[in-house]
Amino acid sequence: MSGNGEMVVNPEAKEARIGVFVCHCGSNIAGLLDCVQLTEYAAGLPGVVYTKNNLYTCSESGIGEIKKAIGEHQLTRVVVASCSPRTHMPLFKSACDEAGLNPYLFEMANIRDQCSWVHMQQGEDAMVKARDLIRMAVAKASLLAPQKDIESSLVRKALVIGGGVTGLSAACTLADMGVEVVLAERETRLGGLLNRINRLAPGGEKASDVVEKLVSRVKGTPRIQTLLGAEVLSVGGVIGNYHVTLRNGEGKEIEETVGCILVATGAVPLKPEGMYGYDGKTVVTQIELEEMLRDGSFNARKVVMIQCAGSRVPEREYCSRICCLTAVKNALYIKEQNPEARVHILYRDIQMYGTENERMLWESRGKGVRYDVYDVNCPPVVKGNTVEVCQPLTGDVLEIPFDLLVLSTPLVARDDAAALANLMRIPVDQNRFFLEAHAKLRPLDFATDGIFLCGTARYPATVGEAQAQGFGAASRAATVLFKDKLISSALISRVTEHCDGCALCVDVCPYFAIKLEEYERDGRKVKRIVSDEILCKGCGVCAATCPKGGVEVNGFTLAQLKAQVDAALEAV
């Protein structure tokens, strides 16, 4: 090994010429594992002709070393032992491609997430496992075959489902980019929940002004086709070419082909039937109070608000996030209109996200809004026009008279969310909100490519957050729509000669990418499966299900997996 950590071994290798790069990842890996020793170990593995250890393989210099080694040592395979393939594999594959090596001849060994991070207290055993992971990666790499990316056409047009603040923002953003947009709203009026709100927090803008501005932009943009009273009947096709059938408010069916779909269907406030004597008159919800404040029908002088009415309970365990903000905003507005009004807020916890919102809370206290905490095991009790609340610290029962009792209820998923999810084959969580692909890495994407998620259809959000998500989802869609053609990974399922048409794999495919077809062979009708290369995501469920090896996944063939298993068991 040279002084810079470089080692060249076995220059006369006849078959695969594998280069192995071991990354310190700062102290993430090297803080536990001896990377120099791992590099020396890799040098002795079959087919390895070059090894190198460095501080950060993903750095500009690290990438340059990979490219240089491919050229100088005629590498036919590259293995990087470092961090997660999910975040860094595209970068390393791109480096191989730029150096003239087919990017599918690259393999990673995750010795950070799967080794140094999870075995921090087991240094010696972690070294053994790291060697196993590198040995397995090298064994698989020797059997990798070059692949070609899959190319497909696309339609530069988007469907936005939902005409609330999120959908309007997304539609305007896409149209400003030059994209044709179909905006489908199930109600007969654009604006969604914003049509029922009085003012926005923390700035105090009139919600009606925000709605009117957005609606005017949509109506004044020729690229946006608006369908009111619209219903989505069917969705088929793949990213770049989704075939959608809608029914407009007149009952006419409309067919559209779009490249991407944005789901911005929003959420609705829970109607608290049977809670705290709710009647819609003297006991109302926050959204109904908003409407009273907006149309001038509010005239109460003694107002009590109960937080977490219907949320953070066994039926709905989540916090709706915006209820505290809404209550404080409305309490402040009431005090501004009538400083003599008595406003009392009963809460379990106060969640005011952001410094501006926190400032509203202290401003409301300064203006005389009173706050009292209640115990979830001893919730407030409504008796006539009085609320009795037990104070947890003293045990005293406080009696608070009211003219108007306001329940802060959560936003809940729309009733039709599950039906839309089934149509589009997209997931929902236990609360029937739509579920993103990954909360941190892909918060505005669905697992299904070309379909994006934004606003309160995903989870309760403020108006500002919902708008930001609309902008973000439009930007994500633009990354697809502005390509000349779509390129997807070749690591997908492939039907082999062993397929006999048993169709066991058809039912288990989560992406509906496999179907059974009948054709003639030697004068007789034969059945076998066909895999859609665009729909397929290479998850491998089909290959794991098939008992005959009738379907395999490129890059994860039975021979490659067997080589990894044999390598893992080599020490045993």
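What to note about this one:
- Helical contribution to [θ] at 222 nm, DSSP H n ≥ 4, -39,500 (n - 2.57), averaged over the chain, rounded to 500: -9000 deg cm²/dmol
- Global geometry of segment 38-163, whether rounded, prolate or oblate, following the gyration tensor of its Cα atoms and the 1.5 cut on a/c: oblate
- Mean separation of Cα pairs under 8 Å and 6 or more residues apart, divided by the residue count, gives the chain a relative contact order of 13 percent.
- The label point for SER94 and the one for VAL572, both projected 7 Å from the Cα toward the Cβ, are 3.9 nm apart.
- Here the gap between TYR519 and ARG189, fully extended at 0.36 nm per residue and compared with their Cα-Cα distance, gives a gain of 113.7 nm.
- When the charge dipole of the chain is built from unit charges on Cβ atoms (+1 for Lys and Arg, -1 for Asp and Glu) and taken about the Cα centre, the candidate among LEU45, GLN467, CYS542 whose Cα reaches farthest toward its positive end is GLN467.
- Rounded Å value of the spacing that divides the Cα centres of segment 523-561 and segment 96-140: 27 Å
- Evaluated with a Cβ-only charge set (Lys, Arg +1; Asp, Glu -1), segment 493-553 carries a dipole of roughly 80 debye about its Cα centre, given to the nearest 20.
- Centroid-to-centroid, using Cα positions, segment 147-211 and segment 25-68 are 47 Å apart.
- Cα-projected label distance for VAL313 with ALA439, points at 7 Å along beta-carbon direction, nm: 2.4 nm
- Anisotropy class assigned to segment 46-113 is rounded, per the alpha carbon gyration tensor with a/c under the 1.5 cut-off.
- Applying the Karplus relation 6.51 cos²θ - 1.76 cosθ + 1.60 with θ = phi - 60° to segment 291-296 yields 3J(HN,Hα) values of 5, 5, 5, 6, 8, x Hz, where x marks Gly and Pro.
- Total formal charge among the other residues, if their Cβ is under 10 angstrom from that of ALA141, Lys/Arg +1 and Asp/Glu -1: +1
- Of all beta bridges that DSSP places with both ends in the chain, some 50 percent have antiparallel geometry.
- Dipole size of the chain about its Cα centre, with +1 on Lys/Arg Cβ and -1 on Asp/Glu Cβ: approximately 560 debye, rounded to the nearest 20.
- Helix 355-366 and the longest principal axis of the Cα set of the chain meet at an angle near 20°.
- The C-alpha atoms of the chain define a longest principal axis, and helix 207-219 lies at about 50 degrees to it.
- Around ALA503: net Lys/Arg minus Asp/Glu count, Cβ-Cβ under 13 Å: 0
- Angle of helix 463-481 to the longest C-alpha principal axis of the chain, folded into 0 to 90 degrees and rounded to 10: 30°.
- Given LYS93/LYS157; LYS157/LYS537; LYS483/LYS537; LYS537/LYS562; LYS271/LYS302; LYS68/LYS562, the pairs whose alpha carbons are separated by over 25 Å: LYS93/LYS157; LYS68/LYS562
- The modelled label-to-label distance between LEU423 and LEU55, using points 7 Å beyond Cα along the C-beta direction, is 5.5 nm.
FYI, it's all coordinate maths here, none of it is from the lab. Everything numeric in this text was worked out from a predicted model, so none of it was measured. Because the Cβ atoms are built from the backbone with ideal geometry, glycine has one as well, and the counts that use them run over all protein chains shown.
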